1. Would region 104-120 turn up any residue that is of a type in the set (Val, Ile, Thr), in a loop (DSSP other than H, G, I, E, B) and either open to solvent by 60 Å² or more (accessible area, probe 1.4 Å) or over 21 Å from Glu7 (Cβ atoms) (or both)?
2. When you check Asp300 against the structure, is it touching a Gly at 6+ places or on another chain (Cβ under 8 Å) and open to solvent by less than 50 Å² (accessible area, probe 1.4 Å), yes or no?
3. Need pairs with beta-carbon distance below 7 Å; first residue free of Cβ contacts under 8 Å to residues at least 12 places away in the same chain and within region 84-110, second assigned to a helix (DSSP H, G or I) and among the hydrophobic types (A, V, I, L, M, F, W, C); sequence gap 6+ or separate chains.
4. Filter region 202-219 for residues that are in contact with a Lys or Arg (Cβ under 8 Å, 6 or more places away or on another chain) and under 14 Å from Lys167 (Cα atoms); which is surrounded by the fewest Cβ atoms within 10 Å (Cβ to Cβ)?
5. Looking only at residues that are closer than 25 Å to Gly285 by Cα and of a type in the set (Phe, Trp, Tyr) in region 153-211, which one is nearest to the chain's Cα centre (by Cα)?
6. Kindly indicate the residue of region 267-297 that is open to solvent by 40 Å² or more (accessible area, probe 1.4 Å) and assigned to a loop (DSSP other than H, G, I, E, B) and also nearest to Leu219 (Cα to Cα) among those meeting that condition.
7. Quick check on this structure: which one of Tyr302, Tyr314 is within 26 Å of the chain's Cα centre (by Cα), closer than 23 Å to Glu244 by Cβ and assigned to a helix (DSSP H, G or I)?
8. Output the number of residues of region 25-51 satisfying the condition of being open to solvent by 80 Å² or more (accessible area, probe 1.4 Å) and among the basic types (Lys, Arg).
Amino acid sequence: MATELEELVGFLSSPSPPVKKAAVEIVRDLTGSEDGSLSLSKYASTVLPSLSQLLKEKKEVSEPAAEALINLSLNSNLAAKMVEMGMIKTAMDVLYKPDSSIARLLVMLLVNLTQLDSGIVSLLQIEDDKMQGLFVTKLVRSFCRSSDETRDDPFDHVGSILVNISKKEAGRKMLLDSKRGLLKQILRQFDSTSPLRKKGVSGTLRNCCFEAENQLQNLLLISEFLWPALLLPVAGKKIYSEQETSKMPLELGSALSIEREPWDDPEFRVEALESIYLIIVQEAGLRAFWSVNGPRILQDGYEDEEDPKVMEAYERVGSLLVHGVGTEETLQLQ
């Protein structure tokens, strides 16, 4: 005899819209607690495909279904099952339907699923030569096109997805591929007014800089966007003269020649300095850094800095500039 929970899960596939709506709302509420999620996990083989199908319905049903999947995906075992059953493709298909009304929720679901290696492989479409990179290209395009002027930008969280996929070599190579031009697009968002976007851009760039040994040329090809993204957060308050900015890339020089908003979050400044470190460990990267007057900019920024962790990051870069060798500390991917 079926238990109450089995009956509830069965109602997710009911032909009656009111019954289906009531069932998915109850399931969504259950996933809000650890006990509820644990109980539902026993029926994962039924509940996950049912919720996946409901993503394609009208908002009154698709929204609680997406919320339930987000909650359930916090469990790594359930997230792995979602990836295995093709949830990333389903989420992407629904996300890019013309009438999609749950974009923000679907992006948040993708954030959770790409915390798994299998989720990253699925989003990168590594195993499909013809489609490889299509999902990532779409997400980057949406991230760069949508406006952060609205308080509820559905693609804000794409930055977190980019940080996740850039933890893996295959993801970094895809973002750094000069033919795709993805990192160049992403870096244009570095001065966004959205802290979430800035965090995504900063973390993604830092992770990509771990490829500097093999991909330095592709990083330096986008110098006009790279150096402003790395140096402006750590340049301090100084307003530079026209003579001082004459040898800098136009965007960097222009920004340094006027009064600018401070980068209040020390995490951004640390990440920028760690990215610089990873680039200038390479001889060609060091030459490029000198060519934009990078050491002078860091010296001025260091004089304004008060946070101990950020000062330590400045000093690590400074040691490399002065002595030509890095410290023994090994930086880790985020």
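1. Checked against the condition, which is being of a type in the set (Val, Ile, Thr), in a loop (DSSP other than H, G, I, E, B) and either open to solvent by 60 Å² or more (accessible area, probe 1.4 Å) or over 21 Å from Glu7 (Cβ atoms) (or both), region 104-120 yields at least one hit.
2. The answer is yes for Asp300.
3. Once the first residue is free of Cβ contacts under 8 Å to residues at least 12 places away in the same chain and sits in region 84-110, its partners that are assigned to a helix (DSSP H, G or I) and among the hydrophobic types (A, V, I, L, M, F, W, C) give Ser100/Val94.
4. Restricting to residues being in contact with a Lys or Arg (Cβ under 8 Å, 6 or more places away or on another chain) and under 14 Å from Lys167 (Cα atoms), the top hit is Glu211.
5. Ranking the candidates gives Phe190 first.
6. Checked region 267-297; the qualifying residue nearest to Leu219 (Cα to Cα) is Gln282.
7. None of the others qualify; the one that does is Tyr314.
8. 1
The values are calculated or read from the model by the stated rules, or taken from the named source; none is laboratory data. All figures in this text were calculated on a predicted structure; none of them were measured in a lab. Glycine also receives a Cβ, built like all others from the backbone with ideal geometry; neighbour counts cover every protein chain displayed. Just so you know, the surface numbers come from the protein's heavy atoms only, side chains and all, with ligands and any DNA or RNA stripped out. Shrake-Rupley method; radii C 1.70, N 1.55, O 1.52, S 1.80 Å.
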